[in-house]
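Right, one structure below, let's go through it.
Laboratory data are not the source of any read-out in this text; all were calculated from the coordinates shown. Everything numeric here is computed off the predicted structure, so don't read it as measured data. Cβ coordinates were reconstructed from backbone atoms using ideal geometry, including for glycine residues, and neighbour counts include every protein chain displayed.
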Amino acid sequence: MRPVDRVFLFPGDPLRPGRTDPEFARDAAAVRAIGVRGAVIDHEALVAGDAVRAVARVPSGAGAAWYRGWMLPSERYAALAAALGERGCLLLTTPGSYRTAHELPGWYETFADLTPYSRWLPCAPGQPPGEAELARLAAPLGGGPAVVKDWVKSRKHEWDEAAYVPDTSDTARLAAVVNRFVDLQEEFLTGGVVLRAFEPYGTAGEARVWWVDGEPVLVGAHPDTPGQYPVPDLSAVAPVVRAALRKLGCRFVTTDLARRTDGVWRVIEVGDGQVSGLPEGADTGTLVEALATAGAGFPLTLAAGRVVLRPVLPTAAARLADGGGLDDRPGGPVWVGGRPPEATASTAAAVAQSVTLGPYCPGWGLFTITRADDGTAVGSICFHGPPDDEGEVEIGYTLCPAARGEGWATEATRLLADWASGRPEVRTVRAVTEPANIPSQRVLERAGFVPSGDRGGLRTYVFAEA
């Protein structure tokens, strides 16, 4: 089965045309490691307004693409998308989605209950609002403290000078901070001036969460403060943020989270994931694998009833194989009984090994079977490879001993078989069992499979679509 056409785009090195900018070398290496294509764009040409020249090194007909590179003004991103489209390359984040996630007015209303109260006023670079305009803008804040920023960036490293206003009713002080902020932003001021109600977060720092198709795929420290990493409780945070992201409609975003002094996790910023920075030592492989999977049109979760299936991507599979599944990373699986089944670890090893043998073929590997209510992993289910030339694909499953007899295997098998049978490249979904394994045969029958004879001494079943 040929991997789906997809490509990752990176800024080129200004000193060595055709090579990736060193700032994104880790991303590019992770892309190469799974056999996916990378290409470079000329960032300098793009920001200078020559998008056609910027994409000259992108192969024609490259297919679906994720961009990972320097922050771009929304209009430059739109020009990039148009120039790539002329070459048969489709950015998976549309210009509209980029602007929505990149600029505060695009995402604020969706996240209003999760983020500090904000007000904004458009203005051009070098032209700050006057005191009367600022007084009207600040009035709803009731004289409380606020943080000044534009639609994308703040100047938090010049906190007292160009970011923090202790009392927004002090119009002279407010204007002084805003004026200094606008001066320092120079031509890079985006959109206008934003006032955000100040909330106390202590000194624990921020966590950056990377979301692909509504799923948290990577969690780490904010790149500005890599030594400060408050670990967010994703079991509490993810459902709320996921609902907001679903409403927002953006595929690849970041949220910067901080824990307020009253213990409540808050969204400090939302950003487009293509241009959000990674801290040193971040698990780039996991992020790239999730993007490659989603970019090829495969889901990062399958859900029905009590069950959620989550693909175990190659980097996570290597950890699962090496550590027996005891993954203490935020968002990592917690297994009922403390450990995964033995067969899960051995299958994970095969998934991890597969990317060393050829290009990554997402969608046809290992999945954890998790409980929808609390995310606990109760077992795993897998394809034994992508569909063959006849369109046949085989599945297998295993459960943790503590989860047997509760219907998890039946629900997971039905869910995965139903999804696979809807794929255009699949004609038959098959499973095999030992003739004496009556419980497994009952699982298959309850999941919608019917007997199909014997093969190599094993009882064969095929999925009968409803």
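Only Cα pairs under 8 Å and at least 6 apart count here; give the relative contact order of the chain as a rounded whole percent. The partial results should precede the final answer.
Values: 931 pairs, mean separation 53.0, N = 466.
After rounding, I find 11 percent.
Which shape class applies to the stretch 237-328: rounded if a/c is under 1.5, otherwise prolate when a/b exceeds b/c and oblate if not, where a ≥ b ≥ c are the square roots of the Cα gyration tensor eigenvalues?
Here the stretch 237-328 falls in the rounded category.
So between Lys156 and Ala132, what do we pick up on full extension, going 0.36 nm a residue minus the alpha carbon distance? Could you put the intermediate results ahead of the total?
On the way: separation 24, 0.36 × 24 = 8.64 nm, distance 2.49 nm.
Residue separation times 0.36 nm, minus the Cα-Cα distance, leaves 6.2 nm.
Once the dipole of the stretch 207-282 is set up with Lys and Arg at +1 and Asp and Glu at -1 on Cβ about the Cα centre, which of Val212, Ser235, Gly281 lies farthest towards its positive end?
Among Val212, Ser235, Gly281, the one farthest towards the positive end of the dipole of the stretch 207-282 is Ser235.
When a/c is below 1.5 the answer is rounded, else prolate if a/b is larger than b/c, else oblate, so apply that to the stretch 207-282 with a ≥ b ≥ c taken from the square roots of the Cα gyration tensor eigenvalues.
Because a/c hits 1.5 or more and a/b fails to exceed b/c, the stretch 207-282 counts as oblate.
May I ask you to compute the full-extension gain from Asp224 to Ala303, defined as 0.36 nm times their residue separation minus their alpha-carbon distance, rounded to one decimal in nm? Mind showing how you got there, number by number?
Numbers: separation 79, 0.36 × 79 = 28.44 nm, distance 3.60 nm.
Computed gain between Asp224 and Ala303 is 24.8 nm.
Classify the stretch 330-370 as rounded, prolate or oblate, taking a ≥ b ≥ c as the square roots of the eigenvalues of its Cα gyration tensor: rounded when a/c is under 1.5, otherwise prolate if a/b is larger than b/c and oblate if not. Please list the in-between numbers first.
Numbers: a/c = 2.58, a/b = 1.90, b/c = 1.36.
Judged from the Cα gyration tensor, the stretch 330-370 comes out prolate (a/c at least 1.5, a/b above b/c).
Report, in debye and to the nearest 20, how large the dipole of the chain comes out about its Cα centre when Lys and Arg carry +1 and Asp and Glu carry -1 on their Cβ. Let's see the in-between values first.
Working: 45 positive and 56 negative charges, 158 e Å.
It works out to roughly 760 debye.
Cα to Cα, under 13 Å, and not fewer than 8 places away if on the same chain: which aspartates and glutamates meet these conditions relative to Lys247?
Partners found: Glu109, Asp213.
Under the rule of -39500 (n - 2.57) per DSSP H run of 4 or more residues, summed and divided by the residues of the chain, what mean residue ellipticity at 222 nm is obtained, to the nearest 500 deg cm²/dmol? Each step should come with its number before you reach the end.
Values: 15 runs with 143 residues, N = 466.
Rounded to the nearest 500, the figure is -9000 deg cm²/dmol.
Counting other Cβ atoms within 10 Å, keep those with at most 14, restrict to DSSP loop, and tell me which trypsin sites (Lys or Arg not before Pro) in the stretch 13-67 are left.
Passing sites in the stretch 13-67 are Arg57.
Determine one quarter of the surface area of the Cα convex hull of the chain, which equals its mean projected area, and express it in nm² to one decimal. Don't jump to the answer; show the numbers that get you there.
Details: hull surface 95.6 nm².
Dividing the Cα hull surface by four gives the mean projection, 23.9 nm².
On a 0 to 90° scale, report how tilted helix 314-323 is relative to the longest principal axis of the chain, with both axes built from alpha carbons and the result rounded to the nearest 10.
Value to nearest ten degrees: 70.
So which aspartates and glutamates pass the test for Lys149, namely a Cα distance under 14 Å, with those fewer than 8 places away in the same chain ruled out?
Excluding near neighbours in sequence, the set is Glu103, Glu158, Asp160, Glu161, Asp183, Glu186, Glu269.
How would Tyr117, Tyr108 line up from fewest to most surrounding beta-carbon atoms within 10 angstrom? Could you put the intermediate results ahead of the total?
Numbers: Tyr117 16, Tyr108 19.
Final ranking by Cβ density, sparse to dense: Tyr117, Tyr108.
List the GluC sites (Glu not before Pro) within the stretch 374-461 that DSSP assigns to loop and that have no more than 10 neighbouring Cβ atoms inside 10 Å. All intermediate terms of the calculation are to be shown ahead of the outcome.
Details: sites: Glu390, Glu392, Glu394, Glu406, Glu411, Glu425, Glu445; in loops: Glu390, Glu406, Glu425.
When the GluC sites (Glu not before Pro) of the stretch 374-461 are filtered for loop state and at most 10 Cβ neighbours within 10 Å, Glu390 remain.
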